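Peer 1: Please see the structure below; I have some questions.
Nothing in this text is a laboratory measurement; each read-out follows from the coordinates by a stated rule. Just so it is clear, the structure is predicted and the values come from calculations on it, not from any experiment. Every residue, glycine among them, receives a Cβ derived from its backbone with ideal geometry; neighbour counts consider all protein chains shown.
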Amino acid sequence: MNKRLLALIILFIILLVIFTKPYTQKAYRAYLIKKFVRMYVKTNIHRDNTFWLGVPIVQNPCDMWAMQEIVYEVKPDFIIETGTWKGGSAIFFSSIIKDINENCKIITIDIRDRLQPISNMKLFQERVEFILGDSVSKEVIDKISERIGESSKVLVTLDSDHSKKHVLKELELYSQFVSLNSYIIVQDTSLDGWNFRKGFKEGPMSAVKEFLQTNKNFVVDRKWEKFLFTWHPAGFLKRVK
């Protein structure tokens, strides 16, 4: 084999490594995850055919499994949720917290009340407090402040308006309630982080990045992405100081 041919073969291999995507194990893993999540989202099964105890819930099972582990680890006195929809997540939290901290309350906020179908459920009546209003309004924040004691353990999950402006405002307002070693979970960071929605350039992921630039009390806890299938990459924010 002459030197010119050998050089061409080496050059071809180098170009193949550089331009073949994914070209590393880490990149290949990320590529497969994104492909799977896109396929899952396109089926729309999460919106039309996913339930918790018969109540519609727009979540994926891997994220919900991670959430119950977080709830068990933190053992909160309050779980604050923005974006109630039909109450599936609120009922989920109520059903798992009863054997962890029976005094825990779930405060859920939404601009619309769609809870009539579950209003008579024992899990709803015992632990869920619904606030009708804009999650970033002064009225809503004041109500939450009055309800929560300074020594309470608080876990927060944000799942309302997914625009960057709104999520960033929620992060600024609700981070004050989060206890040390607890979490504020920013949902659906994959929307703009992985470009799942065309034209959705700035959303939850952009808000997280900007929030972390100025707030050093929180860090991204990647361990909750251990199931690979997540809609909240870099969205599990732990308060460390």
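Peer 1: Just the Cα atoms of the chain: what Rg and Dmax do they give in Å?
Peer 2: Both quantities, over Cα of the chain: 21.2, 83 Å.
Peer 1: Give the aspartates and glutamates reachable from Lys238 as a straight Cα distance under 13 Å; neighbours fewer than 8 places away on the same chain don't count.
Peer 2: Straight-distance partners of Lys238: Glu73, Asp221.
Peer 1: Okay, next question. Given the chain, what percent of its DSSP beta bridges are antiparallel, to the nearest 5?
Peer 2: 30 percent
Peer 1: Now a separate question. Can you list residues whose amide H is under 5 Å from Glu129's amide H, if they're 5+ apart or on another chain and H is modeled 1.01 Å from N?
Peer 2: So Glu129 has HN proximity to Ile106, Ile107, Thr108.
Peer 1: Using a basic spin-label model with each label point 7 Å from the Cα along Cα→Cβ, how many nm lie between Leu132 and Glu202?
Peer 2: 3.3 nm
Peer 1: Going down the table (Lys35/Lys138; Lys122/Lys169; Lys75/Lys226; Lys75/Lys201), which pairs top 31 Å between alpha carbons?
Peer 2: Lys35/Lys138; Lys122/Lys169; Lys75/Lys201
Peer 1: As I understand it, the value is the acute angle between the Cα axis of helix 61-74 and the longest principal axis of the Cα atoms of the chain; what does it come to in degrees, rounded to 10?
Peer 2: Here the helix axis deviates by roughly 60 degrees.
Peer 1: When only Cα pairs under 8 Å and 6 or more residues apart are kept, what is the percent relative contact order across the chain?
Peer 2: Relative contact order comes out at 17 percent.
Peer 1: Right, another one. Rank-order 84-97, 130-143, 203-216 by packing density, defined as the average count of other C-beta atoms within 10 Å over each peptide's residues, highest first.
Peer 2: Packing proxy ranking, top to bottom: 84-97, 203-216, 130-143.
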